[in-house]
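The values are calculated or read from the model by the stated rules, or taken from the named source; none is laboratory data. Nothing here was measured: the structure is a model prediction, and the numbers come from that model. Positions of Cβ are generated from backbone atoms using ideal geometry, with glycine treated the same way; all protein chains shown enter the neighbour counts.
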Amino acid sequence: MASTTLARYLDVKGQRIGLDPEGYLVNLDTWSPDVAHALADEDGIALTDEHWEVIEVLRNFHARFAMAPAMRPLVKAVGQSLGEDKGRSIHLMRLFPGSPAKVAARLAGLPKPTNCL
Amino acid sequence: MTSHFSSDLLVILRHGPHGSSLLRDGLDAALVAAAFGQRVSLLFMGEGVMALVDDQQPDPLGQKGTSATIEMLSMYDIEAILVEQTALELFGLTPDELMLPVRLLTGATLSTLPTSHRLVLTF
Amino acid sequence: MLLHVLNRSPATSRVYQQALTMMGEEDRLLLVEDGVQGALPQMVRHFGEVQGRLFALEEDLASRGLLGRCDASVQVVDVDGFVLLTEQAERTMSWY
């Protein structure tokens, strides 16, 4: 579940986007590609086509299952949608360094994955 | 038969959707274990079979149920979806009314499950 | 051998049937809390298939006034006996 605790605002082209203490959207409906860019800037990530296709996989996953995936199902979902070459943790680690499931979920406007500790 | 279902963790789900948080808690436990690479079997017993009925909707307060989570199980490589056949019959349900394919189990096979799994959690 | 622990009365809850379904041939069943109602002579028939492997917790029987009313086939154990049963079992499963 998305946290409903508002910790701070992100300025995106004059709009104030509410973020929770861990930087996830308070209201998932406020997501837009511009918001993704602004969140990625905070993480020092420049979004490329390879990032966007993963973000799309994540948004489809959430639309279907109402949850943000942990790493294993994320790898599986990416593999199913984008091919086995991209369905690898190393590919996702390169795109979303640190903890790909958490970082990518944040940029995709999903809640924090609940099943990865 | 025993070895066929042997696995790391057996999660027994005995409660239906929406009435309490037990079903969701049990599913969460299964997902966490699977996310850490454990092989998980789910057994739907008694009232728990109601969790599998297809065409479930959010409740009157708009709270989402557990059906999306159950559809997600295969993404976590949870493929052993076991159902107590007697419970299904108790509710007059047939396997084609369930949201995903299941394996129906009866008496003798059910009683081997606790020992064929390293750990059992009952919800 | 597993130890199954049941805390619901067979008069109000079908949970005892779930416990019986999942019990292996050597497994033992311990009745605690409201579960000890199942130790009465008129109720013990529900547990016919585990005769000789049926236990009830003395403290819970006593607090309900049922200690002297148990069926002869039920083995009454105190808390130390409960611990011993747990130690003898490979694992414990709770039915609630």
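Quick check on my filter: what residues within region A:35-74 are surrounded by fewer than 21 Cβ atoms within 10 Å (Cβ to Cβ) and β-branched (V, I, T)?
Once the filter is applied, which keeps residues that are surrounded by fewer than 21 Cβ atoms within 10 Å (Cβ to Cβ) and β-branched (V, I, T), region A:35-74 yields A:V35, A:I45, A:T48.
For the condition modelled with pLDDT of 95 or more and in a helix (DSSP H, G or I), what is the one hit in C:Q37, C:Q42?
After ruling out the rest, the residue left standing is C:Q37.
Within region B:97-116, count every residue that is facing another protein chain (nearest Cβ under 10 Å), of a type outside the set (A, V, I, L, M) and under 21 Å from B:Q38 (Cα atoms).
3
Tell me whether region C:13-30 contains one or more residues that are surrounded by fewer than 16 Cβ atoms within 10 Å (Cβ to Cβ), more than 14 Å from chain B (Cβ to nearest Cβ), in a loop (DSSP other than H, G, I, E, B) and in contact (Cβ under 8 Å) with a residue 24 or more places away in the chain.
No, because not a single residue in region C:13-30 is surrounded by fewer than 16 Cβ atoms within 10 Å (Cβ to Cβ), more than 14 Å from chain B (Cβ to nearest Cβ), in a loop (DSSP other than H, G, I, E, B) and in contact (Cβ under 8 Å) with a residue 24 or more places away in the chain.
Which of the residues belonging to region C:66-91 are of a type in the set (S, T, N, Q) and either surrounded by fewer than 11 Cβ atoms within 10 Å (Cβ to Cβ) or assigned to a helix (DSSP H, G or I) (or both)?
Within region C:66-91, C:T86, C:Q88 meet the criteria.
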